[in-house]
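Heads up, the thing below is written out as structure tokens.
The values are calculated or read from the model by the stated rules, or taken from the named source; none is laboratory data. Fair warning: this is a prediction, and the values are worked out from it, not measured in the lab. All Cβ positions, glycine included, derive from the backbone under ideal geometry; neighbour counts span all protein chains shown. We work out accessible area using only protein heavy atoms, side chains counted, and drop any ligands, DNA or RNA first. Shrake-Rupley method; radii C 1.70, N 1.55, O 1.52, S 1.80 Å.
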Amino acid sequence: MAAFGFLRLSSAAASTALQQSSRYASALLRSSGKRAVVQNTWTTTTGGGSLITAAAVATHSSLGGWFQVPDLALRNHYFVVPLDYDSPDGTSISIFAREVVGTGKEEKQLPYLLYLQGGPGFECGRPTEAGGWVKKACEEYRVILLDQRGTGLSTPLTTSALSQFSSPKQQASYLQHFRADNIVRDAEYVRNCLVQDDEAWTVLGQSFGGFCAVTYLSMAPGGLRHVLLTGGLPPVDDGCMAETVYRALYKRVVLQNAKFYERFPEDENIVRSIVLHLAEAEAGGVPLPSGGILTPHGLQLLGLTGLGSAGGFERLHYILERAWDPELVPGSKKTLSFTFLRMVENWIDFDTNPLYAIMHEAIYCQGAASKWAAHRVRQELGDQFDAVKSVSNGSRVLFTGEVTCIDFQYYLCNVVPGVF
């Protein structure tokens, strides 16, 4: 276990630290071949002493058997669970999980490790070979890659799927069932179906997956052997901590911008020229290959990946150096290249996972609304992140990070819907 180098908490220690009490009772009623039926009964003690109890039945099937990628064997599992665990006879959704072991270990008795993906709103990666943490984990574990509800193959909530609802109110009513508490309930279904003798398993939570892991410790600590957290430790107090988090994050974003421009000082003028070109365009921006519009505000979102991922500085620089078309005919109008616009569009692709923007602020809240916290914090900073004003006064144009991706959601909903 020490080889991972992550923070490790025992379920008992974490449960005591969180000062939350919970009881969980589950029974594997029946299993037959590749199908199983599981009944879970949740009994959680709340702060007021009342009990919330729900019972539901889930189905499980493994389809297609094992398949191979270099040095790994994989098997797919599908589950049907309630959308709302308090209404087990109501609407059902599907949950997908992929089992991964080292080649030749398909039948070997190994402890289980559940991986909870970061996000919110992103599915697990699809292994193409043994590498990174998966390779290391498969030396000791049978790894379960869970597509959290609403992502990947787990009743995915795409923009087109959500458009089936006739109103935002209906969307919100449906989306309330896609938070960490129900992700934990889904995980417990998976554990009871896959793990023999109701044994506890280890959970690895990355970023938002760490938030889910702490919720798991609160709700069902008996299902956990160890919990490994990588950069995902949520606030546990009542109220909303989003503003506090975002104020700290904006400071980090400013620091990352300084590091980027120190490494690539020539990019300051390139970025200024792009912002000026976009601001002077008739529509306040230029068309993207897919039909959207790139605005100065949208350009700043390149910092989401460029300032916060391994190799991001270099990749951002390589995008910017392809900004302009060459002047093949003297006197031709200056244009941003199709290559640049396509690269920008491909890099800012979170529209394929709308839960990320929809649910992000809420993960910092306990019983309170965030009320567009990212936008309010940005307003506190005045013109510091105003790209057009930065060009006019000769200062650096600052790229933005994850916090302003959420602020941009406010921009789309309340200022100019449909503009990127």
- Message: Looking for something outside any helix (DSSP H, G or I), among the polar types (S, T, N, Q) and open to solvent by 10 Å² or more (accessible area, probe 1.4 Å) - is there at least one such residue anywhere in region 202-211?
- Response: yes
- Message: Going residue by residue through region 277-286, is there one that turns out to be in contact (Cβ under 8 Å) with a residue 12 or more places away in the chain and among the charged types (D, E, K, R)?
- Response: no
- Note on the structure: Flagged pairs (Cβ under 6 angstrom, 6 or more apart or on separate chains; first in region 169-191, free of Cβ contacts under 8 Å to residues at least 12 places away in the same chain; second not basic (Lys, Arg)) are 171/162; 171/165
- Task: At least 3 residues that are among the hydrophobic types (A, V, I, L, M, F, W, C) and within 23 Å of residue 259 (Cβ to Cβ) in each: list the helices (runs of 4 or more DSSP H) lying fully within region 302-352 that qualify.
- Result: 312-320, 338-347
- How many of the residues in region 215-249 are in a helix (DSSP H, G or I), modelled with pLDDT of 90 or more and open to solvent by less than 10 Å² (accessible area, probe 1.4 Å)? 3
- Query: Does region 90-110 hold any residues that are not acidic (Asp, Glu) and not in a strand (DSSP E or B), and which are they?
  - Reply: 90, 91, 103, 104, 105, 108, 109, 110
- Hey, does region 331-350 have a residue that's open to solvent by 20 Å² or more (accessible area, probe 1.4 Å) and of a type in the set (Gly, Ala, Ser)? yes
- Item | Flag for residue 58 being open to solvent by less than 10 Å² (accessible area, probe 1.4 Å) and modelled with pLDDT under 95 | yes
- Task: Filter region 111-162 down to the residues that are in a loop (DSSP other than H, G, I, E, B), within 21 Å of residue 352 (Cα to Cα) and among the charged types (D, E, K, R), then identify the one that is least open to solvent (accessible area, probe 1.4 Å).
- Result: 149
- Message: For the structure I just gave you, tell me whether residue 290 is within 30 Å of residue 187 (Cα to Cα), part of a loop (DSSP other than H, G, I, E, B), without any contact (Cβ under 8 Å) to a residue 60 or more places away in the chain and open to solvent by 20 Å² or more (accessible area, probe 1.4 Å).
- Response: no
- Task: Output the number of residues of region 163-199 satisfying the condition of being outside any helix (DSSP H, G or I) and open to solvent by less than 40 Å² (accessible area, probe 1.4 Å).
- Result: 4
